[in-house]
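A.B. asks: I am attaching a structure below and will ask some questions about it afterwards.
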Amino acid sequence: MTDYMVYDHLISGDSDLIRQPIILAEGEGALLRGALLGLIFKTIGSPAHGTNTGDGVCNNQALGANAQLGTYELVAVSATDFAVYAPNGSRLADATVGTTYEGEIVFKINASTDGHAFVAGDSFTITVSRPVDSSGNLIERYRWVHQSNLDGSAEACCLLADDTDSTSADANGPAYFHGQFDPTAILLQTGETIALYDTGGRIKDLFLRSIVPYNPPT
């Protein structure tokens with residue numbers, strides 16, 4: 001990619017710019033220079049079953065609010081109820097067979113369709129981990145920040161430096177990780193405000209300073 005300077009009012013000072021290549025996650029659409037981005041650092045795996053008597057299944061898994069990295073354990077306490085343990089060992093609200101569970105993670109345990117009911121001690125595990133490729137290497141992908149993002153990308157960390165389109169596939173693009181920027185030029189999703197991410201005049205190493213127009217004396 002050719003490195004070039006775009007003259008606009010996004011950059012608002014002479015603080016050293018750190019610009020690095022990133023991967024914009026598939027499905028983010030055509031984002032413009034100045035979009036505030038967050039790193040995806042959580043993904044949820046498929047449920048794994050233990051050596052169970054009941055042959056019902058667990059599926060429809062998704063990240064919930066404040067999902068922890070590590071393995072969640074779902075352990076049957078009866079034919080219709082499962083205890084849910086977080087990776088830190090704490091017991092969360094119990095799950096009911098046949099009902100979608102919505103907590104730190106989301107899932108649904110379905111009863112057997114052939115009469116083999118769950119018994120106490122039957123179990124499933126669901127792991128929340130860093131995204132990796134087929135070789136186990138960490139993958140760093142970025143999304144347009146939003147407070148509702150559950151995969152870690154609600155935490156802003158960089159600014160898209162060039163227009164980049166990831167509508168149909170992951171896309172390579174550059175991002176600023178350090179510098180001084182005009183907050184009025186930072187692009188946010190509808191309903192979001194810069195105050196949600198501003199921590200004392202900065203977002204990580206992005207320092208916020210508005211450009212003051214020069215009005216010559218008359």
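The values are calculated or read from the model by the stated rules, or taken from the named source; none is laboratory data. From a predicted model like this one, the values you see are computed outputs, not experimental measurements. As a convention, Cβ positions derive from the backbone with ideal geometry for all residues, glycine included, and neighbour counts pool all protein chains shown.
A.B. asks: Pairs only if they're at least six apart or on different chains, beta carbon under 8 angstrom, first in region 12-26 and β-branched (Val, Ile, Thr), second exposed (fewer than 13 other Cβ atoms within 10 Å of the Cβ); list them, first residue then second.
C.D. replies: ILE22/GLU140; ILE22/ASN172; ILE23/GLU140; ILE23/ASN172
A.B. asks: I would also like to ask the following. Quick one: which of GLY121, GLY54 is part of a loop (DSSP other than H, G, I, E, B), in contact with a His (Cβ under 9 Å, 6 or more places away or on another chain) and touching a residue at least 40 places away in the same chain (Cβ under 8 Å)?
C.D. replies: Unique residue meeting the criteria: GLY54.
A.B. asks: If I go through region 92-139 residue by residue, how many of them are under 30 Å from ILE23 (Cα atoms) and either of a type in the set (Lys, Arg) or loosely packed, with under 12 Cβ neighbours inside 10 Å (or both)?
C.D. replies: Residues flagged as under 30 Å from ILE23 (Cα atoms) and either of a type in the set (Lys, Arg) or loosely packed, with under 12 Cβ neighbours inside 10 Å (or both) within region 92-139 amount to 8.
A.B. asks: May I pose another question? How many residues, within region 59-89, are among the hydrophobic types (A, V, I, L, M, F, W, C) and more than 18 Å from the chain's Cα centre (by Cα)?
C.D. replies: Summing the residues that are among the hydrophobic types (A, V, I, L, M, F, W, C) and more than 18 Å from the chain's Cα centre (by Cα) in region 59-89 gives 9.
A.B. asks: Continuing with the same structure: Could you say whether any residue in region 100-118 is of a type in the set (D, E, K, R), modelled with pLDDT of 95 or more and not in a loop (DSSP other than H, G, I, E, B)?
C.D. replies: Among the residues of region 100-118, at least one is of a type in the set (D, E, K, R), modelled with pLDDT of 95 or more and not in a loop (DSSP other than H, G, I, E, B), which makes the answer yes.
A.B. asks: Please find, among LEU37, LEU92, the residue that is of a type in the set (A, V, I, L, M, F, W, C), under 20 Å from the mean Cα position of the chain (by Cα) and outside any loop (DSSP other than H, G, I, E, B).
C.D. replies: LEU37
A.B. asks: With the condition kept exactly as written, say whether any residue in region 74-81 is buried (at least 18 other Cβ atoms within 10 Å of the Cβ) and part of a loop (DSSP other than H, G, I, E, B).
C.D. replies: Within region 74-81, not a single residue is buried (at least 18 other Cβ atoms within 10 Å of the Cβ) and part of a loop (DSSP other than H, G, I, E, B).
A.B. asks: Right, here's the next one. Go through (1) loosely packed, with under 15 Cβ neighbours inside 10 Å; (2) touching a His at 6+ places or on another chain (Cβ under 6 Å) and name the single condition SER46 misses.
C.D. replies: If we test SER46 against (1) loosely packed, with under 15 Cβ neighbours inside 10 Å; (2) touching a His at 6+ places or on another chain (Cβ under 6 Å), just (2) comes out false.
A.B. asks: If you don't mind, another one. Return the pair list, or none, for Cβ contacts closer than 9 Å from residues in region 90-114 that are in the same structural domain as ALA67 (by TED's automatic domain parsing) and on the phi < 0 side of the Ramachandran plot to residues that are of a type in the set (Asp, Glu) and in a loop (DSSP other than H, G, I, E, B), at least 6 apart or on different chains.
C.D. replies: LEU92/GLU104; SER112/ASP55; THR113/ASP55; ASP114/ASP55
A.B. asks: Looking at this structure, is THR53 among the hydroxyl-bearing types (Ser, Thr, Tyr), surrounded by fewer than 17 Cβ atoms within 10 Å (Cβ to Cβ) and modelled with pLDDT under 95?
C.D. replies: Spelling it out, it is not the case that THR53 is among the hydroxyl-bearing types (Ser, Thr, Tyr), surrounded by fewer than 17 Cβ atoms within 10 Å (Cβ to Cβ) and modelled with pLDDT under 95.
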